[in-house]
2 protein chains.
Amino acid sequence: MAVNLKQLAELLGLSQTTVSRALNGYPEVNAETRQRVLQAVRETGYRPNRAAQRLATGRAFSIGMVMPIAPGIDSDVHFGEFLAGLAEEAVKHDFHFVLNPSAPEDEEVTFRRLAASGNVDALFLAYMRANDPRIAMLKSLSIPFVVHGRSIGESRDYPFLDIDNTTAFYDAARLLIQLGHQRIALINGPEYLAFSIRRKKGMLRALAEHGLALDEALVQHSLMTDEHGYRSMQRFLQHEQPPTAVLCSSTVLALGAVRALNQAGLKIGEDISLIAHDDVLPMLKPENFSVPLTTTRSSLRAAGARIATRLIGGILKRGDYPDQELWRAELIVRASTGPAPQK
Amino acid sequence: MAVNLKQLAELLGLSQTTVSRALNGYPEVNAETRQRVLQAVRETGYRPNRAAQRLATGRAFSIGMVMPIAPGIDSDVHFGEFLAGLAEEAVKHDFHFVLNPSAPEDEEVTFRRLAASGNVDALFLAYMRANDPRIAMLKSLSIPFVVHGRSIGESRDYPFLDIDNTTAFYDAARLLIQLGHQRIALINGPEYLAFSIRRKKGMLRALAEHGLALDEALVQHSLMTDEHGYRSMQRFLQHEQPPTAVLCSSTVLALGAVRALNQAGLKIGEDISLIAHDDVLPMLKPENFSVPLTTTRSSLRAAGARIATRLIGGILKRGDYPDQELWRAELIVRASTGPAPQK
DNA sequence: CGCAAAATTCAAAGCGCTTTGAGTTCGCTA
DNA sequence: TAGCGAACTCAAAGCGCTTTGAATTTTGCG
């Protein structure tokens, strides 16, 4: 049924060499010949055998990732979403995955084994921490990689895709300040993760620019679950001087936070303002909240797809991708933000 | 650095044929020779080149899965957990994954393409529904597959691994009845999923055996998120005659349910009893709830690992695995269950 | 028109493994 | 002791692609 190169070449009256070259974009093929080849491919439905390509080229056509199985990460909804983007793009290029679950303490070994196995052409890395030691390690492994996020304190000379978390939360905080809010709280992700650190920093910067300080009692760090959002918000509300506005690192956290607010009988957008970061989880749309949420938005799935594109592009040596990308999150104003209540 | 078959054979003074056979367990190799070969493998660290094996055997050494990107599934925490188990096992055998995200309406096409691509030796299927059409389709595709869960109404002649949901919830409900509960509620997963249907059925059976009926107002179906657990429980509590006990299809749902109960000032295990199904999510341990949860337990990760084992075993034609497995969930009693309160 | 250079195309040699078909060797039977 | 099957082992032929080095055809110019 399926034709192979040999048959295709025969059909065209060409050598395998020429057909192969035509398909792989080599310059020494006559333009007209190439068209004929492409046409024949269309007609026959020829698809190169990946196993043979792997053997002949030594490339694996697959990308590896160490799937963290630390508590609270593997089962994180954000992980699935990102993975979907990555996989979606990979499958388009007929790339495989090697998913390697690993406990944090075994990660280094896992990475080494993966890189040495010859089973992957590139690695992907996420959940960046400050001074993340994995970056230096990967550099030493001489295998291409792309990082989702950025470390802090490390030199910046590695390929990454990150969103500008600092600016996102700076923008969000500034908006709140402009609306008259002075006491702003933060429900953040885990304290050791780089994005959390940056978001807090962005918020601090906006406050500082307006002569405001951040009350550490109004900052909570936790896994980004609904449950934690709820608890954090409750804690804030019990404060003798509760915040009039809150920044949330995820719509998942916001879900819990909103519940705590409803329960306390507070009107969102009036009594208290809320801005959340929106990873565009299909399950949790900010516009569907009882009071539509003002958000800083950046699609996690799109990030996954983009990283796959860069990884694959790099392996195939096609296209020319920037080594470092910093996406700016959009600040989308909906109904959950309003002027600070008058005392 | 890495040795290949040829070098290994040379080293041993044997032919490649013999070495290959020794390694692949063929019977016509002298036992002593085989030992020598195995010893040499250990010394040299020889690892067969997968790309070459793929080409020579025509097998892909990889398993495919269609990753559902329906709202509420891809980002489901349960998905990540299951995947971790699957991947963990796959990586041990040096198997790849082909993850194919697909919207439900494209699933059939995706499966066909995947099966025809030659990139996978076997498929894996989950999120079973009643009368699931995918089963007939997969049978027609002539590619091995294993289903996680079971359909309902389909003939049973396909390979699956499922837990005995009916019995699990039968057991749980019976325990509650024995404790004197008469009004029992159910917070279930999505109505169209087979496991939800079976759990309800198990519960109904236990009730019926004791002459009790199920009040449909005490049944909620939803995605298994914290949020939905909370809402469902709230709804129950507003009922003119609230339940004295509740069955939950997931600890994630229970999380929300517990919050609603706390908020209502009800004492769990005293005013109201709660049993949840526990998928053993590392993030959410039933023993860590404020009141430790009585659960029906079955590890999702273990199920993933087992399915990978069976799939891989089938492909390699190693070992002999049952075609159909029904795991029994353990009913573990903790503090969230107690006698029904006296009126 | 003739020839070197440029543009194309090709035959053949791998890539590292599995597997077929053909030896060898050895122990026994006749 | 010849003959035969059982037990092992081997050489060689692929698997379907890429790539090297050479051959062939065109093109450009003097």
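Read-outs: derived from the displayed coordinates by stated rules, not from any lab. All values reported here derive from a predicted model rather than from experimental measurement. Heads up, the Cβs are rebuilt from the backbone with ideal geometry, glycines too, and the neighbour counts pull from every protein chain shown.
See the values below:
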| read-out | value |
| --- | --- |
| Filter pass, A:Ser196 being surrounded by 18 or more Cβ atoms within 10 Å (Cβ to Cβ) and out of contact with any helix residue (DSSP H, G or I) (no Cβ under 8 Å at 6 or more places or on another chain) | yes |
| Residue ranges of helices (runs of 4 or more DSSP H) in region B:104-209 with at least 3 members within 14 Å of chain A (Cβ to nearest Cβ) | B:107-117 |
| Of all residues making up region B:282-322, the number that are within 14 Å of chain A (Cβ to nearest Cβ), closer than 20 Å to B:Ala90 by Cα and not aliphatic (A, V, I, L, M) | 3 |
| Residue within region B:62-72 that is more than 23 Å from A:Ile63 (Cα to Cα) and β-branched (Val, Ile, Thr) present | no |
| Residue list for region B:1-43, filter: within 14 Å of another protein chain (Cβ to nearest Cβ) and of a type in the set (S, T, N, Q) | B:Asn4 |
| Of all residues making up region B:129-161, the number that are basic (Lys, Arg), under 24 Å from B:Gly313 (Cβ atoms) and within 17 Å of the chain's Cα centre (by Cα) | 1 |
| Residues of region B:1-26 satisfying the condition of being out of contact with any helix residue (DSSP H, G or I) (no Cβ under 8 Å at 6 or more places or on another chain) and away from DNA strand C (no atom under 12 Å from the Cβ) | B:Gly13 |
| Residue match in region B:245-259 (condition: among the charged types (D, E, K, R), in contact with a helix residue (DSSP H, G or I) (Cβ under 6 Å, 6 or more places away or on another chain) and within 21 Å of B:Ala168 (Cβ to Cβ)) | no |
| Unmet criterion (only one of (1) within 16 Å of DNA strand D (Cβ to nearest atom); (2) within 30 Å of B:Met224 (Cα to Cα); (3) not basic (Lys, Arg)) for B:Pro68 | (1) |
| Residue within region B:232-251 that is within 13 Å of another protein chain (Cβ to nearest Cβ), in contact with a strand residue (DSSP E or B) (Cβ under 6 Å, 6 or more places away or on another chain), closer than 21 Å to A:Val252 by Cα and among the hydrophobic types (A, V, I, L, M, F, W, C) present | no |
| Inter-residue pairs, beta-carbon under 8 Å, first at the interface with chain A (Cβ under 9 Å from one of its Cβ atoms) and in region B:84-95, second among the basic types (Lys, Arg) and part of a helix (DSSP H, G or I), 6+ apart | B:Ala84/B:Arg301; B:Gly85/B:Arg301; B:Gly85/B:Arg306; B:Glu88/B:Arg301; B:Asp94/B:Arg50 |
| Candidates A:Thr57, A:Thr110, filtered to the one that is under 27 Å from B:Leu114 (Cα atoms) and of a type in the set (Ser, Thr, Tyr) | A:Thr57 |
| Those residues of region B:45-56 which are more than 9 Å from chain A (Cβ to nearest Cβ) and either away from DNA strand C (no atom under 11 Å from the Cβ) or under 30 Å from B:Asn100 (Cβ atoms) (or both), in sequence order | B:Gly45, B:Pro48 |
| Criterion violated by B:Arg47 - all others in (1) surrounded by 14 or more Cβ atoms within 10 Å (Cβ to Cβ); (2) away from DNA strand D (no atom under 12 Å from the Cβ); (3) over 21 Å from A:Arg54 (Cα atoms); (4) not β-branched (Val, Ile, Thr) satisfied | (3) |
| Some residue of region B:92-99 being within 35 Å of the chain's Cα centre (by Cα), within 13 Å of DNA strand C (Cβ to nearest atom) and surrounded by fewer than 18 Cβ atoms within 10 Å (Cβ to Cβ) | yes |
| Verdict on A:Asn100 being at the interface with another protein chain (Cβ under 7 Å from one of its Cβ atoms), over 29 Å from A:Val280 (Cβ atoms) and not in a helix (DSSP H, G or I) | no |
